[in-house]
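Student: One structure, as structure tokens, below. Some questions next.
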Amino acid sequence: NVQRTGQPLPQSIQQAMRYLRSQCLDQVGIFRKSGVKSRIQALRHMNETSPDNVNYAGQSAYDVADLLKQYFRDLPEPIFTSKLTDTFLQIYQFVSKEQRLQAVQAAVILMPDENREVLQTLLYFLSDIASAEENQMTAGNLAVCLAPSIFHLNVSKKESTSPRVIHKRGTMGKPDQKDLNENMAATQGLSHMITDCKKLFQVSHDILLQLSSSYMAADAYPHPLADFVCQGESKDLHSYFEQSVQNLLKESSEKFKGWLSTPGPLNTELSCKKVGDGHPLRLWKVSTEVEAPPATVLHRVLRERHLWDEDLLQSKVVEALDKNMEVYHYVMDSMAPHPR
């Protein structure tokens, strides 16, 4: 999803959350009461066949809530990943209550970026549901209803491809003590994560200080641009920028010489290289062929962003400084809970 759209959750799933958040917070027993199977199936079909044209207006809150539950249950692996799901469950079984938050914060850091972002979006959303008293769904109630789907517990469906489920498939029948303990840990854990969601995604000060390259530890500040200019052969900012443009043109004529190619979206070349400035961040470059003259492409990029960027909310030129320079202001819609 990230490669295709730039965001880890499909727009249609984000819209489902927006719909429940804005229209359905007062629905008693949301996520506990079941929706209607045939209508949920129709919603799923709409999501899968035309994900860009999904509209939830007028749909039953319980159907949309069930659709969300199914989305997380049917992912190829749990949102916590196959590697880390057991870690999260064990934290809530064996770590003392006083140290749980710190342990979960550390486990959250280990998650892949896209999984962490989806978890944050989901927990903030559930926290909003729990904070509306009229629906009678506390964090604990929500955890009871959702933990099995989110942690991929007790999913006896034969077609499930989750490694957790395949691993357990041989032991169907009566749940053993380990299963019961895991179920309890998952419910307690999800309840705790919903309640403490604002703290989960912070990096503790201790961990920050352990990072050898931490800016806080090194008390470092970004270099002013003038420092870079003095280091190079350039005498002033203007010649520095001129030199940068010439280097860029030279590189583009040599295509991707010296760059490491990596898989990217369809019809694009994506590559990176290490930069000798002492920082581990790599420099990235993406290119694509467009069948149009440069002036048309530039106009499309500068003036017609609304046609190609579905997350653009508004944009305007604040001031034209001269014929080649302007101050431009635009607002993007990020994946909740991130601000616009």
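Any read-out appearing in this document is the output of simple, stated calculations on the displayed coordinates, not a laboratory observation. As the structure is a computational prediction, the values presented were derived from the model and not from experiment. We place every Cβ from the backbone using ideal geometry, glycine too, and count neighbours over all the protein chains shown.
Student: Take the Cα pairs of the chain, get the Kirkwood Rh, then feed it into Stokes-Einstein at 25 °C and 0.890 mPa s and tell me D in µm²/s.
Tutor: In µm²/s, the coefficient rounds to 102.
Student: Right, next: Please work out how much length the chain gains when fully extended from Lys235 to Thr288, using 0.36 nm per residue of separation minus the C-alpha to C-alpha distance, in nm with one decimal.
Tutor: Details: separation 53, 0.36 × 53 = 19.08 nm, distance 3.43 nm.
That pair, Lys235 and Thr288, stretches by 15.7 nm at full extension.
Student: Rounded, prolate or oblate, given the Cα gyration tensor of region 225-332, with a/c below 1.5 counting as rounded?
Tutor: Details: a/c = 1.75, a/b = 1.16, b/c = 1.50.
Cα axes put region 225-332 in the oblate bin.
Student: Could you give the distance between the Cα centres of region 85-131 and region 1-66, to the whole Å?
Tutor: One Cα centre to the other: 23 Å.
Student: Next up: So if R0 is 35 Å, what FRET efficiency would Thr262 and Lys97 give, r being the distance between their Cβ atoms, rounded to the nearest 0.05?
Tutor: 0.20
Student: Just to confirm the number: angle between the C-alpha axis of helix 81-94 and the first principal axis of the chain, 0 to 90 degrees, nearest 10?
Tutor: Computed tilt is about 50 degrees.
Student: State, as an integer percentage, the relative contact order of the chain based on alpha-carbon contacts under 8 Å between residues 6 or more apart.
Tutor: 14 percent
Student: Taking the simple approach of a point 7 Å from Cα along Cα-to-Cβ for both Gln136 and His279, what is their distance in nm?
Tutor: 5.4 nm
Student: Order by neighbour count: Trp284, Trp259, fewest other Cβ atoms within 10 Å first, most last.
Tutor: Trp284, Trp259
Student: At 0.36 nm per residue, minus the direct Cα-Cα distance, what do Gln41 and Val203 gain on full extension? Give it in nm, one decimal, please.
Tutor: Full-extension gain reported as 54.3 nm.
Student: What's the angle, to the nearest 10 degrees (0 to 90), between helix 97-110's Cα axis and the longest principal axis of the chain?
Tutor: Here the helix axis deviates by roughly 50 degrees.
Student: Which FRET efficiency value, to the nearest 0.05, do you get for Ala226 and Lys83 by plugging their Cβ-Cβ distance into 1/(1 + (r/R0)^6) with R0 = 56 Å?
Tutor: Efficiency at R0 = 56 Å is approximately 0.75.
Student: In nm, give the distance between the simple-model label positions of Asp176 and Asp113, each being 7 Å from the Cα along the Cα-to-Cβ direction.
Tutor: 4.1 nm
Student: Let me ask something else. Where does region 1-96 land on Rg(C-alpha)/(2.2 N^0.38 Å)?
Tutor: In units of the 2.2 N^0.38 Å rule of thumb, it is 1.25.
Student: With the cut-off at 28 Å, tell me which of the pairs Lys257/Lys316; Lys199/Lys274; Lys199/Lys285; Lys83/Lys198; Lys37/Lys83; Lys83/Lys174 have Cα atoms farther apart than that.
Tutor: Lys257/Lys316; Lys199/Lys274; Lys199/Lys285; Lys37/Lys83
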